[in-house]
Amino acid sequence: QVQLVESGGGLVQAGGSLRLSCAASGRTFSSYPMGWFRQAPGKEREFVATISSSGGNTYYSDSVKGRFTISRDNAKNLLYLQMNSLNAEDTAVYYCAARKFPSIASRVNSYDYWGQGTQVTVSS
């Protein structure tokens, strides 16, 4: 089992950048594909990005491709999401998630462990 804690959210102006972090407990972090998701008020939780256990394979939603970068440091049990060129539509609670099955995925129900989320607010 793994516990996840996100940090790095906050208020930023449109066009700005933020880097989110997700700290994982346990010695099995490096075996889990990981993902970032977000949920805006009144909307369903949606996929943002995913990364393979080794970090060698990534996949992004069309809405963030070219602006966001997912990465991980397995030695430190950390997952990151670098967010650039932010706009108001990126405002949401951002969640990191871990998947027990050894392949990347974009569905919410493909992930087994979730953090509590961190708020990102982009002012226009």
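The values are calculated or read from the model by the stated rules, or taken from the named source; none is laboratory data. Everything quoted here is computed from the prediction, not taken from an experiment. Cβ sites come from the backbone with ideal geometry, for glycine too, and all protein chains shown count toward neighbours. When the accessible area is computed, the model is the full protein with side chains, heavy atoms only, and any ligands, DNA or RNA have been set aside. Shrake-Rupley method; radii C 1.70, N 1.55, O 1.52, S 1.80 Å.
Since residue 33 meets every condition but one in (1) closer than 15 Å to residue 95 by Cα; (2) of a type outside the set (S, T, N, Q); (3) surrounded by fewer than 16 Cβ atoms within 10 Å (Cβ to Cβ), which condition does it not meet?
All conditions are met except number (3).
Please state which one of 123, 61, 17, 21 is small (Gly, Ala, Ser), under 23 Å from residue 1 (Cα atoms) and modelled with pLDDT of 95 or more. Reasoning before the result, please.
Working: 123 fails: under 23 Å from residue 1 (Cα atoms); 61 fails: under 23 Å from residue 1 (Cα atoms); 17 fails: under 23 Å from residue 1 (Cα atoms).
Sole residue among the options that is small (Gly, Ala, Ser), under 23 Å from residue 1 (Cα atoms) and modelled with pLDDT of 95 or more: 21.
Of the residues in the stretch 37-56, how many are over 14 Å from residue 107 (Cβ atoms) and either open to solvent by less than 80 Å² (accessible area, probe 1.4 Å) or in contact with a helix residue (DSSP H, G or I) (Cβ under 7 Å, 6 or more places away or on another chain) (or both)? Before you say what the answer is, go through the steps one by one.
Initially, the stretch 37-56 is screened for residues over 14 Å from residue 107 (Cβ atoms), giving 38-43, 51-56.
Adding the requirement that they be either open to solvent by less than 80 Å² (accessible area, probe 1.4 Å) or in contact with a helix residue (DSSP H, G or I) (Cβ under 7 Å, 6 or more places away or on another chain) (or both) leaves 38-40, 51-53, 55-56.
The qualifying residues number 8.
Test each condition in (1) assigned to a strand (DSSP E or B); (2) on the phi > 0 side of the Ramachandran plot for residue 26 and report the one that comes out false.
(1)
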